[in-house]
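**Student:** So that we are looking at the same thing, I have put the structure below in C-alpha cells.
The values are calculated or read from the model by the stated rules, or taken from the named source; none is laboratory data. Since the structure is predicted, the reported quantities are computational estimates derived from the model, not experimental observations. FYI the Cβ positions are ideal-geometry reconstructions off the backbone, even for glycines, and counts take in every protein chain you see.
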Amino acid sequence: MSNSEVKLAPQSQRQADAGTIQVVSFRLANEEYGIEITKVQEIILVGEITRVPQTSPYIKGLINLRSTVIPIVDLRLRFGMPEEPATDETRIMVMNVGGKTTGIIVDAVSEVLRISKEQLAPPPPTVSGLGRDYLTGLAKLEKRLLILLDVDRLLSDVSAATQMVA
Amino acid sequence: MSNNDQLMDDILGDFLDESTELLQALNARLLQLDEFTQLPDETRPSHPCPDLLNEMFRAAHSLKGLSGMLRLDNVNGLTHRMENLLDAARNLELTITAETVDVFFKAVDRLEAMIDALRAEEEDAGDSQEVIEAIERMLAREGVLKQQASAEEIARRFAQGMAEASAPAVAETPTPSVAVEAAAVPVATLPVVDANDDPLADVRDDEDVPPKYLAIFLDESEMTLDDLSETLVASPDVSANESLLVNCHRIKGSAASIGLHRVARLAHRMEDLVQECRRQQRPVPGESVDAMLRCADAIRSFTGGLRTGIACDVLSDAYRQLLRAGAAGSELKLAPCTHCGDAHLPLARAAFPRNGQGFVGHVTFESELPLSELKAILLVDRLRQHGSFCYCQPDESEMVRLSGVSCLTFGLSTEESLDQMRRTLTVDGVAEVKLAAVINLATACETTAFAVETERTSEQTVVTSRDLTPSKPSSTESGDGANEGEARAGGKSKPAETLRVDIDRLDQLMNLAGQLVINRARFGQIGAKLKGFSAIKSTLNTVASAQRCASRLTVGMDEYFGSQSSPEMDELRMIAAQMRDDLESLQHDLGQMTHMRTALNDLSEAVHQLDRVSDGIQNTVMDTRMVPIGPLFMRFKRVVRDLTRTSNKQIELVIVGESTELDKRMIDELGDPLIHLIRNSADHGIESPEERIAAGKNPQGTITLNAFHRGNRIVIQITDDGKGLDADRILAKAISKGIVKESDAERMTPQQIYQLIWQPGFSTAEKVTEVSGRGMGMDIVQSKVEQINGAIELRSEPGQGTTFEIKLPLTMAILPSLLIVIEGDVFAIPVESVVEIVRIPNSEVGTVHGQRTARVRDRVVSVIELNDVFTWNQTFERDSAPSDDQTLVIVGVEGSELGLRVDALLGEQDVVIKSLEENFQNVGGVAGASILGDGRVSLILDVGSLLTMSQQGPRAVESEEVFAV
C-alpha cells in the first residue's frame, strides 16, 4: 500500500533562513517544478486509487492515508498534459493547503533545494494559458530552470472548479 | 496573566454550561407558571405555588451571581431585574398575570440570546434595555419598586447575605440614617444566632436531590474545592481574592441549585468574607484562611459523604469557625466606642475563668443622661441578680465617685440566655448595648457569639448577631467533628460518578473505535484466507500414499530382482530408498503442519475475541456520547406555546419517550429540523378551534413528539391530529412551480404527491406567515436529517392528521452496510436502505418507456446500472462475463424503490463513515467513503440521491457537469 517514502522534518526545523526558501523539486513531463517545502506534508508511493464519479477528470480518486480519506489530483491532467501510466518513479506528494489534505501525482520527486532570493525571477510573460495562473516565478539554478508553483491557488481552484460540478 | 486568562476561560465555559441548565430550568418553570395563568379564574388559586417561584428565584439569582462574577454586566443587569420581579412575586407583592409571564419569557429569550452570543464569542447585538424597562414598569405599577434601591445597594445586600450584612454598618456608625437604611433590610429574615445552636439549623437541605445532578455537583465541587484549597494554601495575596471569590461563589451557586442549602450557606459565608477583604483591598487574613480551609475540608467531607452514602456532617462546626474568623477580621475595623474605645471588651473577656460561661457586654448610655452613674449602678445591680461579675469597668466603687458615666463594660458569669440578658439591659437611658456570649460547651469548644443590639428610643429595632471572639487554633476540634460526622453513617444511596469530557476527545475516541472496527474486519479476512490454505489432511494422505508406494517399490524391486546385482540395479535401489526416506521425512514435516491447523483455530478464536472487544468498545464509546432527548423536546414546549399565542389556535404538545438517548451530535443537529416540523404541524396541520369543532374534533389540537427505539434505529415521530396534507393543493403548487409535469400529475398516488413537499423550492403556504415559510423548506429539513445519516418519512390521512417519522442510526460514525462490487469497484450500501436482494433471470428484465424494469414478486421495479447515473472520468473495461442471471439489490427510501444491478455481493459489514468533504467535497450520489479491511477506499452510496438522480436521468446529471479543463 501507500508507504511513506520520505518523511519530512517537522516544520520547525524547516524554517528557512531569511532570504532563502526551501523547495521540493519534482519532474512533470520534461519540466522541473518546485513547491515550497512548508506546503508538503509527505511524499508517498502510488497505491490503489478509488475513482470517484461526478468529478473533474484530473481528480484521480481517493486514497486512504492512515485512515484519512484524501483526494488525489493528477497534475499532468490538471495542466492539460497527456496522461502517462505510473512508473517506478511516480509519486504522490501530499499537500496541506487551506486545512485540507490533498495528494498530487507527479512523475518523479527529485530533491530538496535551498533557493536564495537572488535566484528568483518573475514568470516570463511568454508563458500563457492555464499554467501561468499558478506560477509564482522561476528559480534559476546553475544549469536548469525550476518552475515554482502556487499550490494554494492550484488546489483551491480544484475545489472551486469541482464544486460547480457537484 | 495567562494563568488568569485560562482561569477566566474555564469559568466562562462553566458559566455557559451552568447558565444553559439554569435557563432550561427557568423556561420549564415559566411554562408551568404560564399554565397557571391560563387557568380559568374560578379554579385558579390566588397565587402560584411558592416553591415554583422560589425555584425560579434561585435560578435567576444564581445566574445573576455567576454573571456578576464574570463581569457580564448585560446578563447581570437583566437577571437582576428578573430577580426583583420574582422576589416581589414570591413575597406576594406582585400578582402573576399573563402579562408578567410574557415579560418574563422575553427576558429569558434575551438571556438565551446573550448566552448564545457569548458562546459563539460574538458581540451580543441585542438590546435588553426594553425588557429591563418592561420589568421596571411592571414593578413600579405594582408599587414594589421601593424595594429597588440602587443596583449597587441590592447587589451588596445579596452578596453579603442576610444576617451578617447589616451588622458592621450598624455597629460602626450608629447614626439614625444608617439605622434607617438597615431597617429597610427585611428584619424578619435575620436570625439571632445563639452560639450553642447549630448556626445552620435554620437551613435544611432539600430532601430529594436528583442523583444525576448530584453527581454533576460532586464533580464540579471537587474541582472547585481543589482550586480553592490550592489558592488558600499558597497564602493568598490581594490578587487571589478574585479567584477565591469565584470559587466560593461557584460552590454556593451549584450547591443551592441542587438544594444543598447548608453547603450553600457555608459557601455564601466564605464568599462574604472574601468579598469584604476584596472591598478593603487587603488579603484574606491568616485566621480566615485557616477557617476557610477547614470549611473547604468540611464541604469536601460532606460531599464525600454524599458520594459514599456515609453521611458526614461537619458543616456546622466549620460554619461556626468561619463566623469567628470573619468576626476576628472585622473586629479590627469596628469603630471604637467614642468614649472608651472598646478597649475593655477583650479585658472583660480575658477576665473570665476557664470553663466560664456568661456574657461580656458594653453598654453606652444616652449622652446628656442625668445621673448616669446612678443608672449604671442600678444596671449593675440588675445584672448581679442574674450572675456574678468577673469584670466591670468602671467598677462599682469607681462609679460612685464619678459624675456621669458614658459607658459600661462588664463580664458576667451567668447561665441566662441572650434574650434574658437583653431584657435585663433594656432600661431607659441606655442608648446601645453590645453583648457577647461566652459559651463553655461540654466538648470544650469555646465559642463566643457577639450580639450587637442597638436600641434607639425610636421603634426601629435591628437585631443582628455576630461571633466576635478571636478563634484559637483548634485543629483537634475539627478533627473530632469530622470523626464524629463520619461515624454517623447514613443510608443514602451512592450517586453515579461522572466526568466532564471534551466532546472532541469523544469524537477522537469514536474515530479510533472506528479504525478498530476496520482492523477487525481485516483480521477476519486474513483468517478466512488462511483457512483456505488448510487442506493439510488430504495433502498428508497423498504424501502417505506416495510414501507407501515408494516403500512398496523398494520391497518389490528386492523381490523381483532378488539376487541380481549390478551397479545399475544398486543405483535404482538407492534412488528408491532415498525416495522413500524423503517421503517419510516429508510426511513427518507435514505432520508438524497439523499444528498450524491448531494455531489457525487459535487465530480465529482470537479474532472472535477481538470481535467481541471491538464491539464492546464501539458500544461503550457510543453510549458515552448518548444523552437523553428530553431537554431538546422540552424546548419545543415553548415553541408551541408561542405559536398558540400568535396563531389563535389551541395546541397541546405531548411529549413521549423523553428518556430515549441519542448521540450528542445528533441532538445538536436535530434542533432546527424538529422546530421546523413542529412549526409546520402547528401552522399548516392543526386547524383553528372553529374548524376543529366543525369537524367534530376537540377544539384543542395535539402535537405529539415521540422518541423510541425500533430495531437498530431510533425513531422520532412528530404527529399532529390536524387536517392532514392537502394533496390537491400540493399538486397544484408543484405543477405551478414546474416540479411536476401536468401529464404526470394524473397518474400520481396521494402518497407520491405527499412526497413532493420534499422538493426544493416547494412551499404551499400562500402567504408567508410569521411562523412557517421562513425560507427553510422541507427539503432543508430532509437534507439536515440525511446529513446525520437519517431518513425522514411522512404519512398523512386527510382529516386525521400527519405524521413525520425521522429514523436515525444509533450512531453517526459507524454504518452497517452491504458491500457490493460493480465493475471492480467496491461500494457500500447502507443496510437500512436495502429492501431486498434478488437474483432474476435476464428474461425477467424488460423495458417500459425505455426504462429497464424487472418484475420482482409481482411488483415492477425499475432497474438501473450504476453507470447510468454516475459519470466516471476514468473508465475500466468491464471484466464480468455476461451471464443468464442478474443480481439486483433493491434499495428504497420513502416508499420509492430502485433495483441496482450489481456484479457481486461481498456481504454485510460495519463501515466507518469518512466524510468526503473533510479533504475534498461532497459528491452527488455518494454519502461518504469508508476504508475496507484491505485498506482500500470504497464509496458509500447515497440511496436517496441515487433515486433522485435516476429519475432525472443521466442526461440531467451530465448537463450539470462543468469541466474546468
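Results for (1) modelled with pLDDT of 85 or more; (2) within 14 Å of another protein chain (Cβ to nearest Cβ); (3) surrounded by 13 or more Cβ atoms within 10 Å (Cβ to Cβ); (4) outside any strand (DSSP E or B), shown as yes or no for each residue.
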position	(1), (2), (3), (4)
B:812	no, no, yes, yes
B:817	yes, no, yes, no
B:821	yes, yes, yes, no
B:852	no, no, yes, no
B:868	no, yes, yes, yes
B:871	no, yes, yes, yes
B:875	no, yes, no, yes
B:881	no, no, no, yes
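**Student:** Here are some conditions: (1) at the interface with chain B (Cβ under 7 Å from one of its Cβ atoms); (2) modelled with pLDDT under 90. Residue A:70 meets all but one. Which one does it not meet?
**Tutor:** It is condition (2) that residue A:70 fails.
**Student:** Now for a separate question. I need the full set of residues from the range B:640-659 which are of a type in the set (Val, Ile, Thr) and in contact with a helix residue (DSSP H, G or I) (Cβ under 6 Å, 6 or more places away or on another chain), in order please.
**Tutor:** Within the range B:640-659, B:651, B:655 qualify.
**Student:** Regarding the range A:88-100, can at least one residue be identified that is in contact with a helix residue (DSSP H, G or I) (Cβ under 6 Å, 6 or more places away or on another chain) and facing chain B (nearest Cβ under 7 Å)?
**Tutor:** Within the range A:88-100, none of the residues are in contact with a helix residue (DSSP H, G or I) (Cβ under 6 Å, 6 or more places away or on another chain) and facing chain B (nearest Cβ under 7 Å).
**Student:** Under the condition of being polar (S, T, N, Q) and over 18 Å from the mean Cα position of the chain (by Cα), which residue from the range B:607-639 is farthest from residue B:28 (Cα to Cα)?
**Tutor:** We begin by selecting, within the range B:607-639, every residue polar (S, T, N, Q); these are B:609, B:614, B:618-620, B:624.
Then drop every residue that is not over 18 Å from the mean Cα position of the chain (by Cα), which leaves B:609, B:614, B:618-620.
Values: B:609: 48, B:614: 41, B:618: 35, B:619: 33, B:620: 32 Å.
Filtering the range B:607-639 for residues that are polar (S, T, N, Q) and over 18 Å from the mean Cα position of the chain (by Cα), the one farthest from residue B:28 (Cα to Cα) comes out as B:609.
Condition check ((1) touching a Gly at 6+ places or on another chain (Cβ under 8 Å); (2) at pLDDT 90 or above) across all residues:
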| site | (1), (2) |
| --- | --- |
| A:76 | no, no |
| A:82 | no, no |
| A:95 | yes, yes |
| A:102 | no, yes |
| A:107 | no, yes |
| A:117 | yes, no |
| A:120 | yes, no |
| A:124 | no, no |
| A:128 | no, no |
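**Student:** Right, here's the next one. Go through the range B:926-941 and give me each residue that's in contact (Cβ under 8 Å) with a residue 24 or more places away in the chain and part of a strand (DSSP E or B).
**Tutor:** Within the range B:926-941, the subset in contact (Cβ under 8 Å) with a residue 24 or more places away in the chain is B:927, B:930-936, B:938-941.
The answer is B:927, B:930, B:931, B:938, B:939, B:940, B:941.
**Student:** Also, I was wondering about something else. Provide a single number: the residues in the range B:914-928 that are more than 29 Å from residue B:844 (Cβ to Cβ) and either more than 10 Å from chain A (Cβ to nearest Cβ) or in contact with a helix residue (DSSP H, G or I) (Cβ under 7 Å, 6 or more places away or on another chain) (or both).
**Tutor:** The qualifying residues number 3.
Residue-wise test of (1) closer than 16 Å to residue B:893 by Cα; (2) touching a residue at least 12 places away in the same chain (Cβ under 8 Å); (3) in contact with a Cys (Cβ under 6 Å, 6 or more places away or on another chain); (4) surrounded by fewer than 17 Cβ atoms within 10 Å (Cβ to Cβ).
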| residue | (1), (2), (3), (4) |
| --- | --- |
| B:806 | yes, yes, no, no |
| B:824 | no, yes, no, yes |
| B:843 | no, no, no, yes |
| B:856 | no, yes, no, no |
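**Student:** Hey, another quick one. I need the full set of residues from the range A:39-63 which are in a loop (DSSP other than H, G, I, E, B) and more than 7 Å from chain B (Cβ to nearest Cβ), in order please.
**Tutor:** A:46, A:47, A:49
**Student:** Using the structure shown, decide if residue B:94 is in a loop (DSSP other than H, G, I, E, B) and surrounded by 15 or more Cβ atoms within 10 Å (Cβ to Cβ).
**Tutor:** Yes: the conditions hold for residue B:94.
For (1) modelled with pLDDT under 75; (2) in the same structural domain as residue B:256 (by TED's automatic domain parsing); (3) surrounded by fewer than 19 Cβ atoms within 10 Å (Cβ to Cβ); (4) in a loop (DSSP other than H, G, I, E, B), each residue gets a yes or a no:
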| residue | (1), (2), (3), (4) |
| --- | --- |
| B:197 | yes, yes, yes, yes |
| B:207 | yes, yes, yes, yes |
| B:214 | yes, yes, no, no |
| B:218 | no, yes, no, no |
| B:231 | no, yes, no, no |
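**Student:** Considering only residues that are farther than 14 Å from residue B:799 by Cβ and surrounded by 12 or more Cβ atoms within 10 Å (Cβ to Cβ), which ones fall in the range B:700-712?
**Tutor:** Listed by number, the residues that qualify are B:700, B:702, B:703, B:704, B:705, B:706, B:707, B:708, B:709.
To keep it simple, each residue is scored yes or no on (1) within 9 Å of chain A (Cβ to nearest Cβ); (2) within 23 Å of residue A:65 (Cα to Cα); (3) at pLDDT below 80; (4) under 39 Å from the mean Cα position of the chain (by Cα).
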position: B:892; (1), (2), (3), (4): no, no, no, yes
position: B:907; (1), (2), (3), (4): no, no, no, no
position: B:930; (1), (2), (3), (4): yes, yes, no, yes
position: B:938; (1), (2), (3), (4): yes, yes, no, yes
position: B:953; (1), (2), (3), (4): no, no, yes, no
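**Student:** Still on this structure, I have one more. Could you pull out the residue among B:672, B:589 that is assigned to a helix (DSSP H, G or I) and free of Cβ contacts under 8 Å to residues at least 24 places away in the same chain?
**Tutor:** The conditions single out B:589.
**Student:** Being of a type in the set (S, T, N, Q) and assigned to a helix (DSSP H, G or I) is the filter here; which residues of the range B:612-649 pass it? Full working, then the answer.
**Tutor:** Taking the range B:612-649 as the starting set, the residues that turn out to be of a type in the set (S, T, N, Q) are B:614, B:618-620, B:624, B:644, B:646-648.
Residues satisfying the conditions are B:614, B:618, B:619, B:620, B:624, B:644, B:646, B:647.
**Student:** Condition test on residue A:104, is it closer than 30 Å to residue B:519 by Cβ and not in a loop (DSSP other than H, G, I, E, B)?
**Tutor:** Details: closer than 30 Å to residue B:519 by Cβ: yes; not in a loop (DSSP other than H, G, I, E, B): yes.
Considered against the rule, which asks whether it is closer than 30 Å to residue B:519 by Cβ and not in a loop (DSSP other than H, G, I, E, B), residue A:104 comes out as yes.
**Student:** Would you point out which residue out of B:723, B:697 is in contact (Cβ under 8 Å) with a residue 60 or more places away in the chain, surrounded by fewer than 23 Cβ atoms within 10 Å (Cβ to Cβ), of a type outside the set (Val, Ile, Thr) and not in a helix (DSSP H, G or I)?
**Tutor:** Numbers: B:697 fails: in contact (Cβ under 8 Å) with a residue 60 or more places away in the chain.
From the options B:723, B:697, the qualifying one is B:723.
**Student:** Let me ask something else about it. So which of B:559, B:584 ends up being at pLDDT 80 or above, surrounded by fewer than 16 Cβ atoms within 10 Å (Cβ to Cβ) and either within 38 Å of the chain's Cα centre (by Cα) or not hydrophobic (A, V, I, L, M, F, W, C) (or both)?
**Tutor:** Residue meeting the stated conditions: B:584.
**Student:** Might you check whether a residue that is assigned by TED's automatic domain parsing to the domain that holds residue B:631, at pLDDT 80 or above and in contact with a helix residue (DSSP H, G or I) (Cβ under 6 Å, 6 or more places away or on another chain) occurs anywhere in the range B:708-720?
**Tutor:** yes
**Student:** Please determine whether any residue of the range B:655-669 is basic (Lys, Arg), part of a helix (DSSP H, G or I) and farther than 24 Å from residue B:107 by Cα.
**Tutor:** Yes: the range B:655-669 contains one or more residues that are basic (Lys, Arg), part of a helix (DSSP H, G or I) and farther than 24 Å from residue B:107 by Cα.
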